[in-house]
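Written out below as structure tokens is the structure these notes cover.
Please treat every number below as a calculation from the coordinates, not as lab data. Model, not experiment: these values are computed from the prediction. Glycine gets a Cβ as well: all are built from the backbone with ideal geometry, and neighbour counts include every protein chain shown.
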Amino acid sequence: MTAWVRTDLHGHTLFSDGRATPEEFVAFRREQGMAVVAASDHDVFDAVRRAAVTAQRAGMVLLPAAEITAFLAFGTSAAEQFHVLAYFPVRALSAGRLEQTSLYRRGLRIRERWRAFVLEWLGDLDPADRHQIDPDGVLEGTPPAAFPALQSMIDRVVVRHRPLFEAFRDHHVRFWAEGAEFFAWTPEEAIDVIRADGATDIVAHPARYRDRERTRAVLDYASGVEAYTSRHRAEIAVEYRAFAEAQQKLWTASSDDHQNARYMRPSSGMLLTTVERLMQEQLPLSLISAA
Amino acid sequence: MLKMRVIRKGVAQVAGGTSLVLLGTGHLGCASPIEQEPAISGELKSQAALDVGYLDFNYQAGTPLNLGFVPYSSPDEFVHTGEQLDIRIAASTLWYRVHPTEPFPTDVARVQALRAEYRVIFQKSGATVRELRLTSGAWTGPDVWSLAAATPTFVVPSSGVDEIAFEVTLFDGAQEGSTVNYAADDFPSVPVFGGELPLKHLLFDNLGSSLRNRIVERGNLLRDNTFVLSYTDWRANTVVDSLSIDRQIGTAIGFGRFGQYEMPIYGDLAYEISYGAGHDGAFGGAEQRLAANGNSRVLPYGQGRTAYEGNVYAYGNTLNLYFHIKAYLVADYSKYTNVTSRRYVDGERVFLRERWDNLDGEPNRNYDFSLENAP
């Protein structure tokens with residue numbers, strides 16, 4: 001008999017390129033009847049503790065997570081981002097353990113670099129354009145923790161000075177392409193750090209990557225694969241699930257939600273055994289939905 | 001029989017305290033006399049000893065400065081009179097508030113030059129009844145990333161208090177002039193339960209799919225007294241099965257990192273919640289509407305949460321309650337730009353469904369509460 005748990009372990013908040021607050025992110029999934037959730041922003045963990053508080057008050061489990069950015073062929077014309085989800089055990093939330101990890105510290109540095117990157121872009125604008133986006137000059141004095149992340153910055157540009165949207169969208173790609181300090185590593189190297197931090201690595205939306213051969217090599221190295229996601233058609237999801245089961249790897253089902261998106265998932269959620277592998281502890285019986 | 005041994009501490013001493021009180025440091029202005037509730041002996045294993053927690057001074061969404069005091073208490077999420085607390089702040093929070101644009105240093109000794117001073121103001125109906133001054137003293141955590149500074153413990157007065165307000169000064173002892181002051185209005189007060197007796201709070205909420213009700217002050221409701229009846233939005237979600245409600249109200253153009261795209265947009269659920277009250281099984285008057293309260297004392301840390309509340313007078317031996325919930329969809333397009341299609345008129349309030357919430361969902365099976373005389 002197989003036990004299942006209703007989950008969503010991949011989605012974004014306003015701390016990266018999502019729109020939901022951590023509280024809204026968890027509350028939406030609470031209404032969906034989910035038992036275990038993860039707010040997995042790109043490279044930063046700012047949402048985790050807020051989401052954990054909301055989840056705890058809703059009787060849910062919050063898995064500390066982030067979507068780590070690596071690259072295939074960084075710095076070449078064939079460069080493409082490659083994302084690996086890092087799931088920390090629930091116990092990482094206690095006694096500041098999450099904050100001790102190298103990925104968390106990397107996230108803080110990335111956050112600081114993002115602030116500098118945006119301020120540099122603003123500084124290069126025509127003063128009239130800059131005034132439209134930041135009329136009071138408050139961004140200069142905004143600390144990294146409160147500085148608008150990607151989606152919030154896009155929304156700010158669209159609302160305050162729509163003609164600059166395309167310019168900012170095109171410019172922001174350089175944050176990654178030129179961010180060798182943080183992103184010039186292979187997925188395998190990222191996976192090694194994830195494991196060294198005590199977390200579990202799951203390759204995010206594997207069908208998205210152009211380089212199939214390298215993707216297959218990373219999948220062979222990884223602990224698991226995100227099979228069901230809004231980025232995969234149903235038949236693709238089934239293929240990745242079959243691959244994972246044949247290779248005795250983990251497979252997950254998540255939304256990759258950026259704003260309460262509708263998404264596909266197997267009706268029963270995820271395997272209890274997988275959820276508990278990621279949590280690195282047993283799930284309370286009351287949260288197991290079906291058997 | 002429960003025996004409690006109470007150790008009375010002198011002025012300016014607190015159980016477990018290390019570097020308690022700063023008087024005349026200049027950071028918090030004029031100091032006033034400090035009183036401290038009797039500390040509870042660590043030998044106790046009583047109900048009172050269970051009420052131990054701490055206040056995390058940290059990011060709190062929806063507050064004026066996105067900063068607030070969130071309690072982590074045992075055995076529930078509420079702060080009670082007589083509870084033993086301390087205040088903790090993460091080193092990174094402290095640093096970024098004092099040095100908002102400077103990178104967080106990796107030198108533990110450098111970070112430990114930071115200090116937080118708190119004026120803890122116990123209030124009743126908005127008036128100060130007692131106050132404490134505490135300073136962060138003990139740093140814990142193996143390295144700079146997990147460092148947190150805690151105050152000595154203190155005990156919430158055992159009566160006559162309904163909330164705690166705070167004034168805070170953060171400063172860097174290694175850098176002259178690096179001081180940030182926060183006034184009491186900068187943070188929401190922390191509600192304290194048990195200090196308003198005979199007023200009690202009866203809370204109907206849920207934990208996941210499980211419906212539950214709690215008397216926050218514990219014990220029974222008090223006969224011939226008024227209590228506050230609260231019914232939460234999340235419970236209403238559960239009872240009406242909000243998951244099965246189609247909340248889409250149209251579509252709009254969204255802008256993201258990959259360009260612009262059409263996205264579904266959603267309306268908000270709104271509830272009308274009424275209760276029927278009986279006394280010793282006799283139901284008389286009409287159902288009474290509960291008022292939506294976005295600033296409820298029983299949901300003080302829930303950004304955007306709503307409790308539906310009313311004052312109810314309890315008499316007889318048993319109070320009987322049931323609830324009547326009506327759910328509406330509110331089509332508010334004003335929060336979206338570039339709306340491309342609308343299913344409803346802007347501002348339209350669409351009736352969706354109604355449900356009754358009583359014990360087991362069966363007719364004539366109400367939630368029953370025994371009453372007792374006020375002490």
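Given the stretch A:1-117, report the % of alpha carbon pairs whose separation exceeds 18 Å.
On the way: 3587 of 6786 pairs.
Summing the P(r) tail past 18 Å for the stretch A:1-117 gives 53 percent.
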*With charges set only on the Cβ (+1 for Lys and Arg, -1 for Asp and Glu), what does the dipole of the stretch B:71-134 come to about its Cα centre, in debye to the nearest 20?*
280
*Write down Rg/Rh for chain A, rounded to two decimals, with Rg from the C-alpha atoms and Rh from the Kirkwood relation over Cα pairs.*
0.97
*asked:* Quick check on the stretch A:57-189: take the gyration tensor over C-alpha atoms, sort the square-rooted eigenvalues as a ≥ b ≥ c, and tell me if it's rounded (a/c under 1.5), prolate or oblate.
replied: oblate
*Near B:LYS124, which aspartates and glutamates are there with a Cα under 15 Å away, not counting those fewer than 8 places off in the same chain?*
B:ASP162, B:GLU163, B:GLU196
_Taking loop as defined by DSSP and a crowding limit of 11 other beta carbons within 10 Å, which GluC sites (Glu not before Pro) in the stretch B:148-207 fit?_
B:GLU176
*Would you work out which of A:HIS161, A:HIS232, A:TRP251 lies farthest towards the positive end of the dipole of the stretch A:132-291, given +1 charges on the beta-carbon of Lys and Arg and -1 on that of Asp and Glu, about the Cα centre?*
A:HIS232
*Of all DSSP beta bridges in the stretch A:1-90, what percent run antiparallel (nearest 5)?*
60
*Kindly work out what percent of the DSSP beta bridges joining two residues of the protein assembly as shown are antiparallel, to the nearest 5.*
80
*asked:* Once the cut-off is 22 Å, how many percent of the Cα-Cα pairs in the stretch A:135-291 end up in the long-distance tail?
replied: 58
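How much of the DSSP bridge set in chain A is antiparallel, in percent, rounded to the nearest 5? Display every interim value, and only then the final one.
Details: 15 of 27 bridges.
For chain A, the DSSP antiparallel bridge percentage is about 55.
In debye, nearest 20, what is the charge dipole magnitude of the protein assembly as shown about its Cα centre with +1 on Lys and Arg Cβ and -1 on Asp and Glu Cβ, if you could check? Display every interim value, and only then the final one.
Details: 66 positive and 83 negative charges, 157 e Å.
Result for the protein assembly as shown is approximately 760 debye, rounded to the nearest 20.
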*Restricting things to alpha carbons, tell me how big the protein assembly as shown is in terms of Rg and Dmax, in Å.*
26.6, 81
*Distance between Cα centroids, the stretch B:175-214 to the stretch B:305-346: provide it in whole Å.*
23
*Selection from A:GLY107, A:GLN151, A:GLY141, by position along the positive dipole direction of the stretch A:70-152 (Cβ)*: A:GLY107
*Taking a cut-off of 15 Å between Cα atoms, list the aspartates and glutamates near A:LYS249, but don't count ones fewer than 8 places away on the same chain.*
A:ASP201, A:ASP220, A:GLU226, A:GLU239, A:GLU276
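Rounded to the nearest 500, what is chain A's calculated 222 nm mean residue ellipticity when only DSSP H runs of at least 4 contribute -39500 (n - 2.57) each, over all residues? Could you put the intermediate results ahead of the total?
Details: 11 runs with 120 residues, N = 291.
Helices in chain A give a 222 nm mean residue ellipticity of -12500 deg cm²/dmol.
Would you please name the trypsin sites (Lys or Arg not before Pro) within the stretch B:144-239 that are DSSP coil residues with at most 15 other C-beta atoms within 10 Å of their C-beta? All intermediate terms of the calculation are to be shown ahead of the outcome.
Details: sites: B:LYS200, B:ARG212, B:ARG214, B:ARG218, B:ARG223, B:ARG235; in loops: B:ARG218, B:ARG223.
Sites meeting the loop and neighbour criteria: B:ARG218.
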*From the residues B:PRO152, B:VAL108, B:TRP95, which one has its Cα farthest along the dipole of the stretch B:90-176 in the positive direction, the dipole being from +1 and -1 charges on Cβ of Lys/Arg and Asp/Glu about the Cα centre?*
B:PRO152
*For the stretch A:64-122 and the stretch A:185-226, compute the distance between their C-alpha centroids and round to whole Å.*
14
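About the Cα centre of the stretch B:172-286, how large is the charge dipole given +1 on each Lys and Arg Cβ and -1 on each Asp and Glu Cβ? Please answer in debye to the nearest 20.
Details: 8 positive and 15 negative charges, 96 e Å.
So the magnitude is around 460 debye.
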*Please sort by residue number the trypsin sites (Lys or Arg not before Pro) in the stretch B:285-375 whose DSSP state is loop and whose Cβ has at most 16 other Cβ atoms within 10 Å.*
B:LYS335, B:ARG343, B:ARG365
